[in-house]
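> So that we are looking at the same thing, I have put the structure below in structure tokens.
The values are calculated or read from the model by the stated rules, or taken from the named source; none is laboratory data. For clarity, every value in this text was computed on a predicted model and none was experimentally measured. When we count neighbours, we look across all protein chains shown, and the Cβ atoms used for this are built from the backbone with ideal geometry, even at glycine.
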């Protein structure tokens, strides 16, 4: 039993290191990091994300490249979050790995009840990418504060 617990703990730690590139999150702000895998080309994923962010109206797009989409999200109460999508082609030519992050601008929003998760989730779901072949989402409470409390609209 102790060996199994150690193996599970090591796997979780390794997974966090892969998702965060080995760099701990040292922000005192509310934040969320999510990794998605899609079985479609990155160009299609990028276009779907940008199109959805424009359609939602609460996102102000910043620089957009083939590898990075940057934006600011303004919530209904005027809170601002920095939202980024990093896009990486997988070894399979038709696959795409996307890392999303959302960070609140204010230190007092440490527990945001899933706002940062919803900033990312709503874009991916609204774009239809949750129905893409090979869709997988990875996050947890360590990477995404409040994900368990989120009630995305």
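> Can you tell me which residue is nearest to the chain's Cα centre (by Cα) among those in the stretch 57-79 that are surrounded by fewer than 13 Cβ atoms within 10 Å (Cβ to Cβ) and at negative phi?
So in the stretch 57-79, the residues surrounded by fewer than 13 Cβ atoms within 10 Å (Cβ to Cβ) come out as 57, 63, 65-67, 76-78.
With the extra rule that they be at negative phi, the set shrinks to 63, 65-67, 76-77.
On the way: 63: 17, 65: 17, 66: 17, 67: 14, 76: 20, 77: 22 Å.
Checking each candidate, the answer is 67.
> Next question, about the same structure. Given the criteria at pLDDT 90 or above, within 21 Å of residue 49 (Cα to Cα) and in contact with a strand residue (DSSP E or B) (Cβ under 7 Å, 6 or more places away or on another chain), does residue 123 qualify? Show your work before the answer.
Values: at pLDDT 90 or above: yes; within 21 Å of residue 49 (Cα to Cα): yes; in contact with a strand residue (DSSP E or B) (Cβ under 7 Å, 6 or more places away or on another chain): no.
No: the conditions fail for residue 123.
> Could you please let me know if residue 84 is closer than 17 Å to residue 33 by Cβ, modelled with pLDDT of 90 or more, surrounded by fewer than 20 Cβ atoms within 10 Å (Cβ to Cβ) and out of contact with any strand residue (DSSP E or B) (no Cβ under 8 Å at 6 or more places or on another chain)?
Working: closer than 17 Å to residue 33 by Cβ: yes; modelled with pLDDT of 90 or more: yes; surrounded by fewer than 20 Cβ atoms within 10 Å (Cβ to Cβ): yes; out of contact with any strand residue (DSSP E or B) (no Cβ under 8 Å at 6 or more places or on another chain): no.
The answer is no for residue 84.
> Let me spell it out: the conditions are (1) more than 24 Å from residue 136 (Cβ to Cβ); (2) at pLDDT below 95; (3) surrounded by fewer than 18 Cβ atoms within 10 Å (Cβ to Cβ), and residue 30 meets all of them except one. Which number is the exception?
(3)
> Shifting gears a bit: State all residues of the stretch 114-152 that are assigned to a loop (DSSP other than H, G, I, E, B), surrounded by fewer than 20 Cβ atoms within 10 Å (Cβ to Cβ) and either at negative phi or free of Cβ contacts under 8 Å to residues at least 12 places away in the same chain (or both); if no residue qualifies, say none.
132, 133, 135, 139, 140, 141, 142, 150, 151, 152
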